[in-house]
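These notes are about the structure you will find just below.
Throughout, read-outs are computed from the coordinates displayed, never taken from laboratory work. Fair warning: this is a prediction, and the values are worked out from it, not measured in the lab. A quick note on method: Cβ atoms are made from the backbone with ideal geometry, for glycine too, and the neighbour counts reach across all protein chains shown.
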Amino acid sequence: MNIVLLGPPGCGKGTQAKRLQDRFGMTQLSTGEMLRAEVASESPLGAQVKAIIEGGSLVPDEIIVGLIAKRVAETGSSDGCILDGFPRTVPQAEALDEILTVSGMRVDKVIEFGVDDSAMVKRITGRYSCDSCGAGYHDEFQKPVAEGVCDNCGGESFSRRADDNEDVVRARLVEYHQQTAPITGYYADKGVLVTIDGMAKIDEVTKRLESLVG
Ligand code: AMP
């Protein structure tokens, strides 16, 4: 099964995609993570997209579609994909249909996280992650048990994303409403759209997703 998780920055797509990956063996494809890896490795593509990401705008469709086409081809159709952060525009949604069709697949379900924008700013500006294992934390909602030590791997070095500051978050929310929200109409017409309560507790959201995907 191939599913798309849809919702504004901070809605919990990444966290839930990782949980679904662990539970069902599906492959999480996060375009944001792919792009951050390109920036970190200082590749030509990374140099091209760094300023766009840090300003909160969207990377051009052709770049993203190329990245995702390559990854879908590498992943194959075995246990399906969880698309997290892609598609973000209607042309990307159309391109995804074409990419999957070539491999005899399709988007089986699009799960939209219904959330309040005002809460997203607080969620995002407080988040950080372990430099060693990537485990995610939050200044207020999810602190490590021992201050300054990662619960998962014991690492003591943490980072915040360059685009997780308040001004950039607001720009990302504007992009979401202008460019990404219209995708819901595209998928509603295909009969694959489901909206869930993204303001519920993390474990409740996971249960709801598992019931939709399992
Ligand atoms: P995310 O980790 O999904 O919040 O993505 C971080 C940033 O990467 C976004 O604000 C965009 O600049 C860029 N990005 C990620 N996915 C896409 C996409 N599908 N289309 C365009 N830009 C993207």
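Grab the eigenvalues of the alpha-carbon gyration tensor for the chain, scale each by 5, take roots, and send me the semi-axes largest first in whole angstrom. Mind dumping the intermediate values first?
On the way: eigenvalues 132, 83, 66 Å².
Its equivalent ellipsoid spans semi-axes of 26, 20, 18 Å.
Report for region 62-214 the percent antiparallel among DSSP-assigned beta bridges with both residues inside it, nearest 5. Before the final figure, lay out each step's value.
Details: 6 of 11 bridges.
Around 55 percent antiparallel, to the nearest 5.
Straight-line reach only, C-alpha to C-alpha below 12 angstrom: list the aspartates and glutamates that K207 could link to, leaving out same-chain residues fewer than 8 apart.
The reachable aspartates and glutamates, counting only those whose Cα sits under 12 Å from K207, are D197.
Between 0 and 90 degrees, rounded to the nearest ten: what's the tilt of helix 61-75 against the longest Cα principal axis of the chain?
90 degrees
Quick check on the chain: helices-only [θ] at 222 nm, where DSSP H runs of length 4 and up contribute -39,500 (n - 2.57) each and the sum goes over total residues. Nearest 500, please. It would help to have the intermediate numbers written out before the result.
Details: 9 runs with 101 residues, N = 214.
Calculated mean residue ellipticity at 222 nm is -14500 deg cm²/dmol.
For E33 paired with A51, estimate the spin-label separation in nm (one decimal), with each label point 7 Å from Cα along the Cα-to-Cβ line.
Taking the simple label geometry, E33 and A51 are separated by 2.9 nm.
Quick check: the angle from helix 13-24's long axis to the longest principal axis of the chain, C-alpha only, nearest 10 degrees?
The angle comes out at about 70 degrees.
Looking only at Cβ-Cβ distances, which cysteines of the chain have no other cysteine closer than 4.7 Å?
Isolated Cys, the chain: C11, C81.
If N is the number of residues in region 101-189, what value comes out of its Cα radius of gyration divided by 2.2 N^0.38 Å?
Numbers: Rg = 17.3 Å, N = 89, 2.2 N^0.38 = 12.1 Å.
Relative to the rule-of-thumb radius for its length, region 101-189 sits at 1.43.
Write out the trypsin sites (Lys or Arg not before Pro) in region 107-214 meeting two conditions: DSSP loop, and at most 10 other Cβ atoms within 10 Å of their Cβ. Each step should come with its number before you reach the end.
On the way: sites: K109, K122, R123, R127, R160, R161, R170, R172, K190, K201, K207, R208; in loops: R160, R161, K201.
Sites meeting the loop and neighbour criteria: K201.
Filter the cross-link list K18/K70; K50/K190; K18/K190; K143/K190; K70/K143; K70/K109 down to pairs whose alpha-carbon distance in this structure exceeds 32 Å.
Numbers: K18/K70 21 Å; K50/K190 34 Å; K18/K190 26 Å; K143/K190 41 Å; K70/K143 36 Å; K70/K109 21 Å.
Exceeds cut-off: K50/K190; K143/K190; K70/K143.
Modelled label-to-label distance, V102 and D79, 7 Å Cα→beta-carbon offset: nm?
2.5 nm
For a paramagnetic label modelled at 7 Å from the Cα of F141 toward its Cβ, which residues of region 158-172 fall within the zone defined by backbone nitrogen distances under 16 Å?
161, 164-166, 169-170
Applying the Karplus parametrisation 6.51 cos²θ - 1.76 cosθ + 1.60 with θ = phi - 60° to the phi angles of region 142-157, what ³J(HN,Hα) value in whole Hz is obtained for each residue in order, glycine and proline being reported as x?
Ordered by residue, 3J(HN,Hα) equals 8, 8, x, 4, 9, 4, x, 10, 5, 4, 7, 10, x, x, 10, 10 Hz.
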